[in-house]
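Encoded as structure tokens, the structure appears first; notes follow it.
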Amino acid sequence: MKITVETNSGVFDFECEATDKLLYAGLTRGLTLPYECATGTCGTCRGRIMQGSAHIDWDQAPGFAKLKRDKGDVLMCQARPSSDCLVRVPARVVARSGCGTLPQHRTAHIDALRKLTRDVVHFELALSRPMSFEAGQFVVLEAPEVKGGRAYSMVNFGREVDRLVFVIKQKAGGAFSDWVFRNDIAGRTVDVFGPLGRATFHPKEGKNILCIAGGSGIAGMLSIIERAAREDYFRDHTGHVFFGVRTLEDGFYLSELCDFAAQTEGRLKVTLALSHEQSPAAVHPEFPHIRLMDGLVADAAQQTMSGRYDNMVGFVAGPPIMVDGALRVLIREARLPPQFVRYDKFS
Amino acid sequence: MTWKRVCKVTDVPENTVKKFTVDKVTLLIANYGGGFRAIPPLCPHMQEPLEESGVIANCALTCTKHLWSWDLSSLDMLGETERPLQSYEVKLENGDILALIDKELVYEFEDEDDIKDDDFFSKA
């Protein structure tokens, strides 16, 4: 079907199958349509259907909260066209050529499942076609057995990669995480749409790195730290990782983080912040390069980093409330300009 | 059009925003160090309440929800911000902040009664 989008910066046409979503089809064609979560929660990808009609996948998506549905407002990440459509998008949009990095649909098989803690699983996807993506990007996964897509950041990164690595945290009432935790899903097929997201690391920027992550938000940070470590970035720059979990035993990927810190002669510092338990010591009993702190991860970062925000880029990922707290620290305390604050806020 | 007293200069410390209601018009006073601005209470992006989400640093007001940001000394849009910040004219008199309030400034997304559907795009 033919989709025409009127934007603040011009009019664009693209084709969208009845099975695809307006947002995804537009992104695949290189349009920089606005989005953040791409899964219905944030509301950033709003558009107004002026002519034509679309089926809405997730009618109760939280992102609809501020939209005027009686006027045809839709979340483009939830709308599948049922006819040609004319859609208004209140944002500046440009068409870019992708050099092989535009998001696309791929299929993938789940394998290499491994439990990391009581409620966190590491899993990998074998892709039908290789994908190139930056450290810090994410994809939307959709399983036939579970309604709707879920956004997950990759732990890895690279050019023409044929495997994606993820962590998933079990969430009360989370349909996708329940599916992962309650079933033997090894070998199952999922749809992968991506790569997505602009919370990416660019070594050429030459900034010191500050990462603040909660729970499975550490995934994207690990890819950023690995990218930096591979390029010997910490020879000339500092890095700080603040990783928030509830208790000491909820920590994961600590061995990897500890190894990265050990390689950098102190220029990469890793702190595990425990929100629901008093830390037993100043450093982790098993991982000597990981410092322990009590309290919320954004507070731990603020206490530690005060006066050390020189030439910095900040990365934030985790539950929305944690991300909001960390963004306030980076804007108010660190005084970082918005272009050097990058975040993913997944619900 | 009349100048209306909003608050005392000392009511709004440097680098903070505070909400006031004057003759049924709700507005925020922002103290950016170099002066004061009187602005509508919602972010023009996605209606976040700037009293909670707004942070002032380096003369810039940033909504921490999606990082839209404006230079409060010039009202220029910063970074990827796509809509201008509206503001009431302000002046200081005897330690008070006064705002020139003719009618309440609202962003188009708040206009529920529009019939032409032209509220959807920003009028940059």
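For segment A:32-81, taking Cα atoms only, Rg and Dmax work out to 9.7, 26 Å respectively. If a paramagnetic tag sat 7 Å from the Cα of residue A:126 along the Cα-Cβ line, which residues of segment A:136-166 would have the backbone N under 14 Å from that point? Counting backbone N atoms under 14 Å from the label point, the list is A:162-164.
What the pair-distance distribution of segment A:2-89 shows, using all Cα-Cα distances binned every 5 Å from zero, is 3, 17, 30, 29, 17, 4, 0 percent.
Coupling constants for segment A:230-243 follow from the phi torsions by the Karplus curve (6.51 cos²θ - 1.76 cosθ + 1.60, θ = phi - 60°), and in residue order they are 4, 8, 6, 5, 7, 5, 10, 9, 9, x, 10, 10, 10, 10 Hz; glycine and proline get x. Here the relative contact order of segment A:203-345, from alpha carbon pairs under 8 Å that lie six or more residues apart, stands at 27 percent. For the residues of A:328-336, the average number of beta carbons from a partner chain within 10 Å of their own beta carbon is 5. Among A:248-257, A:112-121, sorting by the average number of other beta carbon atoms lying within 10 angstrom of each residue, highest first, gives A:248-257, A:112-121. The slack in the chain from residue A:205 to residue A:262, taken as 0.36 nm per residue of separation less the alpha-carbon distance, amounts to 18.1 nm.
Based on C-alpha pairs under 8 angstrom that are at least 6 apart in sequence, chain A has a relative contact order of 13 percent. For chain B, the fraction of C-alpha pairs farther apart than 23 angstrom is 28 percent. Across segment A:104-196, Cα-Cα pairs more than 18 Å apart make up 38 percent of the total. Using a 1.4 angstrom probe on protein heavy atoms only, the contact between B and A buries about 2700 square angstrom of accessible area, both sides summed. Of the residues B:41, B:84, B:2, the one whose Cα sits farthest toward the positive end of the charge dipole of segment B:2-103, with +1 on the Cβ of Lys and Arg and -1 on the Cβ of Asp and Glu, is B:2. Note on the protein assembly as shown: along the principal axes its Cα atoms extend 69, 58, 40 Å, ordered by decreasing extent. In summary, the lysines within cross-link reach of residue B:24, defined as a Cα separation below 16 angstrom excluding same-chain residues under 8 places away, comprise B:4, B:103.
Normalised radius of gyration (Cα atoms, divided by 2.2 N^0.38 Å) for segment A:181-268: 1.28. A simple spin-label model places the labels of residue B:3 and residue A:84 5.9 nm from each other, with each point 7 Å out along Cα-to-Cβ.
Mean per-residue shielding of peptide B:43-56 is 2, counting Cβ atoms of other chains within 10 Å of each Cβ. Model label points for residue B:100 and residue B:74, set 7 angstrom from Cα along the Cα-to-Cβ axis, are 2.2 nm apart. Expressed as a whole percent, the accessible area of the protein assembly as shown that falls on carbon and sulfur atoms is 49 (1.4 Å probe). The value of relative contact order for chain B, using C-alpha pairs under 8 Å at least six residues apart, is 24 percent.
Heavy-atom accessible surface of segment B:12-62, averaged per residue, reaches 37 Å², computed with a 1.4 Å probe.
For residue A:311 and residue A:159, the difference between the fully extended length at 0.36 nm per residue and the C-alpha to C-alpha distance is 51.9 nm. Peptide A:83-91 is shielded by partner chain Cβ atoms: per residue, an average of 2 of them sit within 10 Å of its Cβ. Summed over all non-identical Cα pairs, the Kirkwood treatment of segment A:207-347 gives a radius of 14.7 Å.
The values are calculated or read from the model by the stated rules, or taken from the named source; none is laboratory data. Predicted model only: the values in this text are computed from it and were never measured. Heads up, the Cβs are rebuilt from the backbone with ideal geometry, glycines too, and the neighbour counts pull from every protein chain shown. Heavy atoms of the whole protein, side chains included, go into the accessibility calculation; ligands, DNA and RNA do not. Shrake-Rupley method; radii C 1.70, N 1.55, O 1.52, S 1.80 Å.
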